[in-house]
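Novice: Mind having a look at this structure? Questions to follow.
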Amino acid sequence: MDKKLDTSLYFKQGSADKIYIVSLINIETDSWVVQYSYGRRGKPLQSGSKTPKPLDYLSALTIYDKLVRSKEAKGYIQNNGVNSVKVDPLAGERTGWLPQLLNPIKEKDLIEVFAKFAPNLYVQQKHDGERRGIIFKENKIIPANRKGLRTEINENIKAELVHLHSISSWLGVFDTEDMSNHVVLFDYIPTHLTNTFKFYDRAIELNAINLEIKTQGLEYIQVDIPIHIDSYADLLAFIEKHRQLGSEGIVIRDGLGIYTPGRPNSGGPALKLKFVKSATVIVDSIHPTKRSIAMSVLTTKGEWINIGNCTIPPNHKLPWPQDLVEVEYLYAYRGGSLYQPVYKGRRTDLTYHAAIESQLEYKN
């Protein structure tokens with residue numbers, strides 16, 4: 001176990017350019033303190049402590065993580081120098097872009113959705129990454145996270161985006177899923193047509209973008225080409241194909257739909273059908289000897305309830321207590337646990353309010 005753990009965070013927006021450093025320090029056997037430093041970048045920092053007296057490791061770690069998450073909720077970005085991502089000094093600034101969010105449907109809703117969207121119904125695969133808007137302006141590209149804040153992106157991906165920008169005339173937002181080592185581009189909204197460009201027109205643009213990417217031999221940018229569906233039988237066949245491929249689900253789009261930021265109260269021009277259920281949960285604790293976490297969700301009464309344990313696969317780093325993580329599962333037992341949970345990774349783009357009990361689908 002490390003004797004000291006540091007998390008550096010930064011926030012830049014307008015004239016604000018701040019850093020915040022949180023430290024978990026082992027001062028003697030199982031005695032830990034949480035200290036912090038903060039101030040304007042390049043200036044002397046002020047310091048303080050969150051632990052008036054030393055605590056055991058898990059108690060101190062809980063305070064440490066809570067402080068880090070509270071700063072992230074306010075727009076601070078971690079700077080840990082991992083995953084081939086360089087720090088963008090402008091990260092954390094608002095970009096003006098917000099993603100179009102999809103309401104979920106169940107298979108029993110398919111006939112109604114088909115009747116509503118046909119004959120302009122399009123389908124795409126649903127990708128299990130982190131939402132990323134890539135904004136192409138006249139002389140620069142700006143990656144944005146789900147909250148619309150400027151963020152970092154893998155250097156290999158960024159280099160190819162810069163190249164695509166330099167040889168093309170596309171200006172607007174590429175809506176993508178960041179899969180860590182590549183991005184999947186599934187929508188494009190031109191700057192001058194944001195409020196009028198229907199999805200069937202955007203589908204045509206996606207085909208042109210895909211052709212250019214193939215011509216240029218780019219490896220880290222992929223395009224999910226929308227497929228036009230003519231019949232209900234074709235829709236069911238597409239669903240079954242992607243179920244057999246092990247996809248997370250599919251997206252069903254109205255070809256006449258306009259890109260509207262946020263999530264509609266119900267319905268909308270883009271809907272998601274997931275083959276497996278997923279939930280955002282909070283990590284209660286880490287098992288002392290196994291790669292396993294205890295999970296909780298928040299009830300409408302503001303209480304955290306335990307929903308069982310989940311194994312962390314070897315290809316994932318262990319999360320920290322109080323982290324938000326995503327898990328897939330078959331169903332949930334009311335008053336019990338998730339059945340066959342599968343760990344998918346940390347969620348750094350959401351707040352604690354995402355870990356709500358109402359997202360769970362209980363078995364009757």
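Novice: Name the one entry in Ser285, Ser292 that is of a type in the set (Gly, Ala, Ser) and buried (at least 17 other Cβ atoms within 10 Å of the Cβ). Spell out the reasoning first.
Specialist: Numbers: Ser292 fails: buried (at least 17 other Cβ atoms within 10 Å of the Cβ).
Ser285 is the lone residue from the list that is of a type in the set (Gly, Ala, Ser) and buried (at least 17 other Cβ atoms within 10 Å of the Cβ).
Novice: Continuing with this model, one more query. When you look at Gly129, is it surrounded by fewer than 18 Cβ atoms within 10 Å (Cβ to Cβ), at positive phi and in the same structural domain as Pro261 (by TED's automatic domain parsing), yes or no?
Specialist: Numbers: surrounded by fewer than 18 Cβ atoms within 10 Å (Cβ to Cβ): yes; at positive phi: no; in the same structural domain as Pro261 (by TED's automatic domain parsing): yes.
No, not satisfied.
Novice: Pick out the one residue from Ser247, Ser266, Ser278 that is touching a residue at least 12 places away in the same chain (Cβ under 8 Å), under 19 Å from the mean Cα position of the chain (by Cα) and assigned to a loop (DSSP other than H, G, I, E, B).
Specialist: Numbers: Ser266 fails: under 19 Å from the mean Cα position of the chain (by Cα); Ser278 fails: assigned to a loop (DSSP other than H, G, I, E, B).
The unique qualifying residue is Ser247.
Novice: To continue, here is another question. When you go through Ile282, Ile286, Ile293 one by one, which is the residue that is over 21 Å from His127 (Cβ atoms) and touching a Cys at 6+ places or on another chain (Cβ under 6 Å)?
Specialist: Numbers: Ile282 fails: touching a Cys at 6+ places or on another chain (Cβ under 6 Å); Ile286 fails: touching a Cys at 6+ places or on another chain (Cβ under 6 Å).
None of the others qualify; the one that does is Ile293.
Novice: Between Ile239, Ile229, Ile258, Ile250, which is within 30 Å of Pro119 (Cα to Cα), surrounded by 14 or more Cβ atoms within 10 Å (Cβ to Cβ), assigned by TED's automatic domain parsing to the domain that holds Ile157 and in contact with a His (Cβ under 7 Å, 6 or more places away or on another chain)?
Specialist: The match here is Ile250.
Novice: Residues in the range 168-220 that are assigned to a strand (DSSP E or B) and surrounded by fewer than 16 Cβ atoms within 10 Å (Cβ to Cβ): how many?
Specialist: Going residue by residue through the range 168-220, those that are assigned to a strand (DSSP E or B) are 172-178, 183-190.
If we keep only those that are surrounded by fewer than 16 Cβ atoms within 10 Å (Cβ to Cβ) as well, we get none.
Within the range 168-220, residues that are assigned to a strand (DSSP E or B) and surrounded by fewer than 16 Cβ atoms within 10 Å (Cβ to Cβ) number 0.
Novice: Of the residues in the range 319-364, how many are closer than 15 Å to Ile293 by Cα and loosely packed, with under 13 Cβ neighbours inside 10 Å?
Specialist: Qualifying residue count for the region: 1.
Novice: Please state which one of Leu171, Leu218, Leu193 is within 23 Å of Leu101 (Cα to Cα), hydrophobic (A, V, I, L, M, F, W, C) and in contact (Cβ under 8 Å) with a residue 24 or more places away in the chain. Before you say what the answer is, go through the steps one by one.
Specialist: Values: Leu218 fails: within 23 Å of Leu101 (Cα to Cα); Leu193 fails: in contact (Cβ under 8 Å) with a residue 24 or more places away in the chain.
Step by step, each of Leu171, Leu218, Leu193 is checked, and only Leu171 is within 23 Å of Leu101 (Cα to Cα), hydrophobic (A, V, I, L, M, F, W, C) and in contact (Cβ under 8 Å) with a residue 24 or more places away in the chain.
Novice: While we're on this one: In this structure, is Ile21 part of a strand (DSSP E or B) and more than 27 Å from Glu152 (Cα to Cα)?
Specialist: Numbers: part of a strand (DSSP E or B): yes; more than 27 Å from Glu152 (Cα to Cα): no.
Taking the combined requirement at face value, the residue does not satisfy it.
Novice: Taking the condition of being farther than 15 Å from Ser8 by Cβ and either within 28 Å of the chain's Cα centre (by Cα) or part of a strand (DSSP E or B) (or both), how many residues in the range 35-58 meet it? Step through it out loud before you land on a result.
Specialist: Within the range 35-58, the subset farther than 15 Å from Ser8 by Cβ is 43-44, 46, 48-58.
With the extra rule that they be either within 28 Å of the chain's Cα centre (by Cα) or part of a strand (DSSP E or B) (or both), the set shrinks to 46, 48-49, 55, 58.
Counting residues in the range 35-58 that are farther than 15 Å from Ser8 by Cβ and either within 28 Å of the chain's Cα centre (by Cα) or part of a strand (DSSP E or B) (or both) gives 5.
Novice: Which members of the range 325-357 meet the condition of being assigned to a loop (DSSP other than H, G, I, E, B), closer than 26 Å to Pro143 by Cβ and aliphatic (A, V, I, L, M)?
Specialist: Looking only at the range 325-357, we keep the residues that are assigned to a loop (DSSP other than H, G, I, E, B), and these are 330, 333-337, 340-341, 347-351, 355.
Narrowing further to those that are closer than 26 Å to Pro143 by Cβ: 347-351, 355.
Answer for the range 325-357, where residues must be assigned to a loop (DSSP other than H, G, I, E, B), closer than 26 Å to Pro143 by Cβ and aliphatic (A, V, I, L, M): Leu350, Ala355.
Novice: What number goes with the only condition from (1) touching a helix residue (DSSP H, G or I) at 6+ places or on another chain (Cβ under 9 Å); (2) basic (Lys, Arg); (3) surrounded by fewer than 16 Cβ atoms within 10 Å (Cβ to Cβ) that Arg69 does not pass?
Specialist: Exception for Arg69: condition (3).
The values are calculated or read from the model by the stated rules, or taken from the named source; none is laboratory data. A quick note: this is a predicted structure, and the numbers were derived from the prediction, not measured. Positions of Cβ are generated from backbone atoms using ideal geometry, with glycine treated the same way; all protein chains shown enter the neighbour counts.
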